[in-house]
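Comments concern the structure below.
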Amino acid sequence: MVIQKTIAAMVAKQRHVLRLSQAELAELAQVSHSFITKLEAGNANPGVKQLSQVLEAVGLELLIKPKS
């Protein structure tokens with residue numbers, strides 16, 4: 001799915017900008033290291049809570065808006 005790959009790429013890029021390891025991000029976001037690995041590979045199907053925890057930890061936000 002395109003949105004999963006987009007989120008994966010953005011999280012990985014921002015994690016690198018912040019110079020965090022996957023383990024450090026997992027700790028900050030209070031999720032498992034394996035979840036971060038799957039998320040960055042585009043293989044996770046996160047719930048809203050998990051996704052928001054990860055996005056918050058790397059300084060990103062999810063914006064939902066009506067289609068134009």
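The values are calculated or read from the model by the stated rules, or taken from the named source; none is laboratory data. Because the structure is a prediction, the values reported are computed rather than measured. Virtual Cβ from ideal backbone geometry, glycine too; neighbours counted across all protein chains shown.
The table below lists the values:
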{"read-out": "Unique residue being surrounded by 11 or more Cβ atoms within 10 Å (Cβ to Cβ) and modelled with pLDDT of 95 or more when the list is 17, 11", "value": "11"}
{"read-out": "Residues satisfying the stated conditions in the stretch 20-61, i.e. over 10 Å from the mean Cα position of the chain (by Cα), surrounded by 15 or more Cβ atoms within 10 Å (Cβ to Cβ) and closer than 16 Å to residue 9 by Cβ", "value": "20, 22"}
{"read-out": "Check on residue 36, touching a Leu at 6+ places or on another chain (Cβ under 6 Å), of a type outside the set (Ser, Thr, Tyr) and farther than 14 Å from residue 60 by Cα", "value": "yes"}
{"read-out": "Residue list for the stretch 24-51, filter: without any contact (Cβ under 8 Å) to a residue 12 or more places away in the chain and over 20 Å from residue 2 (Cβ atoms)", "value": "24, 26, 27, 32, 33, 34, 49"}
